[in-house]
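Working notes, structure below.
Any read-out appearing in this document is the output of simple, stated calculations on the displayed coordinates, not a laboratory observation. These numbers come from a predicted model, not from an experiment. FYI the Cβ positions are ideal-geometry reconstructions off the backbone, even for glycines, and counts take in every protein chain you see.
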Amino acid sequence: MYLEHFGLRELPFQLTPNTAFRYAVQNQHEALNVLLVALRSGEGFVKIIGEVGTGKTLLCRTLLNNLGDDFVTAYIPDPCLSPMGVRLALADELGLTFDSGAGEHQLMKRISERLAELKRQGKKVVLILDEAQALPRESLESMRLLTNLETETSKLLQVVLFGQPELDEILGEPDLRQTRQRITFSHRLSSMDRETVEGYVSYRLTLAGYKGGDLFTPRALNYLAHASRGIPRLVNILSHKSLMAAYGRGDHIIGRKHIRSAAADTEDTQGWRRPSGRKPATSFSGIRGVLSRALGGIGTTQRWDETH
Ligand SMILES: Nc1ncnc2c1ncn2[C@@H]1O[C@H](COP(=O)(O)OP(=O)(O)OP(=O)(O)O)[C@@H](O)[C@H]1O
Ligand SMILES: [Mg+2]
């Protein structure tokens, strides 16, 4: 791989939402503040919406790391749960065990007893769901019913939903209006602008051990921000592929051409359109071609045309 070529200790643009690589993106930071304020107030039923790849799961993990000892969290990453599945998962996260024959009534009774016990210990319990847009309607509704568990003065359970924009459409349906009305705080994650993309790329490179000067040219960063639409996952994919392309060609600086070839090789990016009627400049067929030639030592001369 390209680690040695660029003087890196580890891969800078891996796709796993790793909180150690988290860059302080303003909008995500605001979302975290909304979450912390809402949950500390004790009345939280919070919704965080973000397009695919904008950092919801990373934010979810950051939240889990930021809630202090006075919080007990039940994290459900698997959204395909029936209402009973949600209750069982919650019970499991609360450390409750059941006989296989336990009925629903007994399950709810044990959950509410456990929540009341945690409340007496001064704990706030938060149920966190990632990918909530994939949750069956009845399971979303069951969240609301769970938040009905309360003492005379406060809720026993708070809920955080992380979901793609479809979640808003689902919550907009008439049969879910009661659930929608319960939502006390919400926040929408936005994509990154050009300056943030630059800071993001440079931060991740530094964390991965890069010590040199500017690795990406300003034009490369312009193109990267444009092609990725500022979506962190796409920024990672394009940056990784452009490093591969540069490595394959023996280049030490990432220019626009490297980003462009990465974008041509990546789904869901924008800005790559070959003018109609014109043939590709060479037999180049994406990064894999560059790399296989470099690694296989075939030595084809590659022409990169900056004009299209
Ligand atoms: N602030 C950030 N700092 C560093 N990396 C980030 C940041 N935000 C997002 N990423 C990275 O972007 C990628 C996508 O993030 P994540 O998986 O959290 O998105 P998502 O919104 O949950 O996507 P999906 O809708 O597909 O579930 C991950 O590699 C993640 O580490
Ligand atoms: Mg996710």
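Pairs exceeding 26 Å between alpha-carbon atoms, taken from LYS56/LYS241; LYS56/LYS119; LYS56/LYS257; LYS211/LYS257: LYS56/LYS119; LYS56/LYS257. Could you check what % of the DSSP bridge pairs in region 26-188 are antiparallel, to the nearest 5? Given both bridge residues lie in region 26-188, the antiparallel proportion sits at roughly 5 percent.
Scalar couplings 3J(HN,Hα) for region 244-249, obtained by applying the Karplus form with A = 6.51, B = -1.76, C = 1.60 to θ = phi - 60°, are 4, 5, 5, 4, x, 9 Hz; x denotes Gly and Pro.
Taking label positions 7 Å along the Cα-Cβ direction at both MET108 and THR151, the computed distance is 2.2 nm, reported to one decimal. Identify the residues of region 151-171 with backbone N under 12 Å of a label point that sits 7 angstrom from the Cα of ALA116 along the Cα-to-Cβ direction, or state none. 151-152, by backbone N distance to the label point. Taken over the C-alpha atoms, region 26-188 has Rg and Dmax values of 15.0, 49 angstrom. Between the helical axis of 218-228 and the longest alpha-carbon principal axis of the chain there is an angle of about 50 degrees. For the chain, the longest principal axis of the Cα atoms and the long axis of helix 26-41 meet at an angle of about 10 degrees. Over the chain, the Kirkwood radius and the radius of gyration, each from Cα atoms, give a ratio Rg/Rh of 1.09.
Here r is the Cβ-Cβ distance between TYR203 and ARG40 and R0 is 35 Å; the resulting FRET efficiency, rounded to 0.05, is 0.80. Counting only helical runs of four or more DSSP H residues, what would the 222 nm mean residue ellipticity of the chain come to if each run contributes -39,500 (n - 2.57) and the total is spread over all its residues? Rounded to the nearest 500, the figure is -14000 deg cm²/dmol. Using only Cα atoms and rounding to the nearest 10 degrees, what angle (0 to 90) does helix 287-296 make with the longest principal axis of the chain? The two axes meet at around 60 degrees. Ranked by how many other Cβ atoms sit within 10 Å of their own Cβ, fewest first, the residues ARG260, ARG177, ARG188, ARG249 fall in the order ARG177, ARG188, ARG249, ARG260. Rounded to the nearest 5, the antiparallel percentage of DSSP beta bridges internal to the chain is 5%. In this structure, the amide hydrogen of LEU127, modeled 1.01 Å from its nitrogen in the peptide plane, lies closer than 5 angstrom to those of ALA74, GLN158, VAL159, VAL160, counting only residues at least 5 positions away or on a different chain. For region 200-230, backbone nitrogen atoms closer than 11 Å to the point 7 Å from ARG9 Cα along Cα-to-C-beta are found at 206-211.
In this simple spin-label approximation, THR16 and ILE183 carry label points 7 Å from Cα along the Cα→Cβ vector, and these lie 3.2 nm apart.
Counting only residues at least eight positions apart within a chain, or on another chain, the lysines with an alpha carbon under 23 Å from that of LYS123 are LYS47, LYS109, LYS155. Legend: ranking of residues GLU43, GLU173 from fewest to most surrounding C-beta atoms inside 10 Å; resulting order GLU173, GLU43. R0 = 45 Å: FRET efficiency of ASP175 with ASP92, Cβ-based, nearest 0.05? So the FRET efficiency works out to roughly 0.95. Converting phi to 3J(HN,Hα) with the Karplus coefficients 6.51, -1.76 and 1.60 and the offset θ = phi - 60°, region 43-50 yields 10, x, 10, 10, 10, 10, 10, x Hz in sequence order, with x at every glycine or proline.
By how many nm would the segment from GLU267 to ARG219 grow when fully extended, if each residue of separation counts as 0.36 nm and the alpha-carbon distance is taken off?
Contour length minus Cα-Cα distance gives 15.1 nm.
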